[in-house]
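Read-outs: derived from the displayed coordinates by stated rules, not from any lab. Quick caveat, the model's predicted, so the values are computed rather than measured. When we count neighbours, we look across all protein chains shown, and the Cβ atoms used for this are built from the backbone with ideal geometry, even at glycine.
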């Protein structure tokens, strides 16, 4: 997996929870987590759209085949990474639900 993909889809978008003294609390951990997942999904959509553009330009002979293949591989790896994150989240949820009270 390329390093730039890890940097954009990893924990770089997660912000720590900060609270204001004497006021309401700012974005909490749940909001930061939701923002991180949202940016991850936006990145997957952008890579898929870029791959579609590259394939269309290849088909009308204005683009190169290898550029289209690289864009397709990046989009596929980004999607696989997102699916693995989803699998880990589902597994964590199932583990929590199996815990005795």
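Brief remarks follow.
- Ranking of 33, 81 by count of other Cβ atoms within 10 Å, fewest first: 33, 81
- Residue 91/residue 46 FRET efficiency (R0 35 Å; Cβ-Cβ; nearest 0.05): 0.80
- The fewest-to-most ranking of 90, 44 by surrounding Cβ atoms within 10 Å reads 90, 44.
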